[in-house]
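Q: Could you have a look at this structure, given as structure tokens, before my questions?
Just so it is clear, none of the values below were taken in a lab; they were calculated from the coordinates. Please read all numbers here as calculations on a predicted model, not as lab measurements. Cβ coordinates were reconstructed from backbone atoms using ideal geometry, including for glycine residues, and neighbour counts include every protein chain displayed.
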Amino acid sequence: MVGDPSLASDAVADVSIRLAEVADADAIRTIYNLEVATATSTFDLVTRTLEEQVAWLEARSGAFSAIVAVDADDAVVGFASLSPYKERAAYRTTVEDSVYVARHRSGQGIGQLLLSHVVDVARASGFHAVMARIEASGAASRALHARCGFELVGVEREVGRKFGHWLDVAVMQLVL
């Protein structure tokens, strides 16, 4: 349930989960664009404009709605969403997750709170599996997914290129 206080551990007692609103677009964009510009946690190469972030939020609904983690001051400290895994009809019961946490709040359990919530949404929406595609050296993201029950099912070698380097993708899966 969105905003359920029982989801919060002691480390994230000041954080709640709610549906993202258009007013959250700039905060989400700030978190995401830092990853685009400085990390391999996303394979995007171009930062998002505010208009693009608003459009992304407006296009999300139902099981694919974005959620945000907010602190006691209602400041966005992370966000997550589900997306269709593949276009073909046979994949309709599988989704892919995305989870991003503001760097100043990383390692505090917020990612687990967000990921647990989107897994619950996937389950309640009748999906069968949740996939995570993680840059293979992303130890924190892989550990987060493992804590939430995901298993490594493969590694795609040199499928992305960013910052002048070939990148591998670890594929993790949770069967619901």
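Q: If you take the residues of the stretch 125-164 that are in contact (Cβ under 8 Å) with a residue 40 or more places away in the chain and farther than 17 Å from Ser98 by Cβ, which of them is surrounded by the fewest Cβ atoms within 10 Å (Cβ to Cβ)?
A: Here the residue is Phe163.
Q: All but one of (1) assigned to a loop (DSSP other than H, G, I, E, B); (2) in contact with a helix residue (DSSP H, G or I) (Cβ under 6 Å, 6 or more places away or on another chain); (3) within 16 Å of Val169 (Cβ to Cβ) hold for Gln108, so report the exception by its number.
A: Status for Gln108: all satisfied but (3).
Q: Select from the stretch 156-176 the residues that are part of a strand (DSSP E or B) and under 23 Å from Val118 (Cα atoms) and list them in ascending order.
A: Listed by number, the residues that qualify are Val169, Ala170, Val171, Met172, Gln173, Leu174, Val175.
Q: Something else: So, in the stretch 111-148, of the ones that are of a type in the set (Val, Ile, Thr) and not in a helix (DSSP H, G or I), which residue ends up farthest from His165 (Cα to Cα)?
A: It comes out as Val130.
Q: For residues that are over 24 Å from Gln112 (Cβ atoms) and of a type outside the set (D, E, K, R), tally how many sit in the stretch 43-83.
A: The number of residues fulfilling the criteria is 10.
Q: In the stretch 56-92, how many are surrounded by 15 or more Cβ atoms within 10 Å (Cβ to Cβ), under 14 Å from Arg105 (Cβ atoms) and without any contact (Cβ under 8 Å) to a residue 40 or more places away in the chain?
A: 1
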